[in-house]
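Have a look at the structure below before the remarks.
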Amino acid sequence: MTLTIALSIVLALLFVATGAGKLFGAKASLEARDHFRMNPALWRTIGALEWAGAAGLVVGLVTWQWVAHAATVGLGLLMVGATITRLRYDSKPSGVVVDLALLALLIMLLFLDR
């Protein structure tokens, strides 16, 4: 149970941070958006979804477990999309590795006993 809590909190903080960059227009985030040729509205939507997923991970720790499961699946789908986008635009291999590592952590979290 301790691993579930720790992993949920770490992932929630990470997705809050990356979502904030997208929502508030951090310079590095805007450069990434432009590199991926992504619509600004879509970029902000992804940031909002990252925040929603982070909130779901925390809510799932406190109350309804199904919320955490849904958030984990949703964030996993976002990471699949991120990986595909990076591969499509010939991004740095390190970015793909990070995306796949996050996806692996989300899959692990999904199957941990809550």
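The values are calculated or read from the model by the stated rules, or taken from the named source; none is laboratory data. In this text the structure is predicted, and so the values were computed from the model without any measurement. A quick note on method: Cβ atoms are made from the backbone with ideal geometry, for glycine too, and the neighbour counts reach across all protein chains shown. Side chains included, ligands, DNA and RNA excluded: accessible areas come from the protein's heavy atoms. Shrake-Rupley method; radii C 1.70, N 1.55, O 1.52, S 1.80 Å.
All told, Ile84 meets the bar of being β-branched (Val, Ile, Thr) and loosely packed, with under 14 Cβ neighbours inside 10 Å.
Pairs linking a residue in the stretch 84-104 that is free of Cβ contacts under 8 Å to residues at least 40 places away in the same chain and β-branched (Val, Ile, Thr) to a residue that is loosely packed, with under 15 Cβ neighbours inside 10 Å and assigned to a helix (DSSP H, G or I), with Cβ atoms under 9 Å and 6 or more positions apart or on different chains, are Val96/Leu87. Taking the stretch 33-53 as the range and being in contact with a Lys or Arg (Cβ under 9 Å, 6 or more places away or on another chain) and either modelled with pLDDT under 95 or farther than 30 Å from Gln65 by Cα (or both) as the test, the residues that pass are Arg33, Phe36, Asn39, Pro40.
Among the listed residues Gly19, Gly47, Gly60, identify the single one that is of a type outside the set (Ser, Thr, Tyr), under 14 Å from Leu102 (Cβ atoms) and in contact with a helix residue (DSSP H, G or I) (Cβ under 6 Å, 6 or more places away or on another chain). Give the steps one after another, and end with the answer.
Numbers: Gly47 fails: under 14 Å from Leu102 (Cβ atoms); Gly60 fails: under 14 Å from Leu102 (Cβ atoms).
After applying the criteria, what remains is Gly19.
If the condition is being surrounded by 14 or more Cβ atoms within 10 Å (Cβ to Cβ) and not β-branched (Val, Ile, Thr), then the stretch 63-76 contributes Ala68, His69, Ala70, Ala71, Gly74, Leu75, Gly76. What about Leu49, is it within 17 Å of the chain's Cα centre (by Cα), open to solvent by 40 Å² or more (accessible area, probe 1.4 Å) and within 16 Å of Ala20 (Cβ to Cβ)? Yes; evaluated as a whole, the condition is true for this residue. Test Gly60 against the stated conditions and say whether it is open to solvent by less than 60 Å² (accessible area, probe 1.4 Å), under 27 Å from Thr4 (Cα atoms), at pLDDT below 95 and more than 11 Å from the chain's Cα centre (by Cα). Yes, satisfied.
Could you grab me the full set of residues in the stretch 87-114 that are among the acidic types (Asp, Glu) and open to solvent by 60 Å² or more (accessible area, probe 1.4 Å)?
If the condition is that a residue be among the acidic types (Asp, Glu) and open to solvent by 60 Å² or more (accessible area, probe 1.4 Å), then Asp90, Asp113 are the ones that fit.
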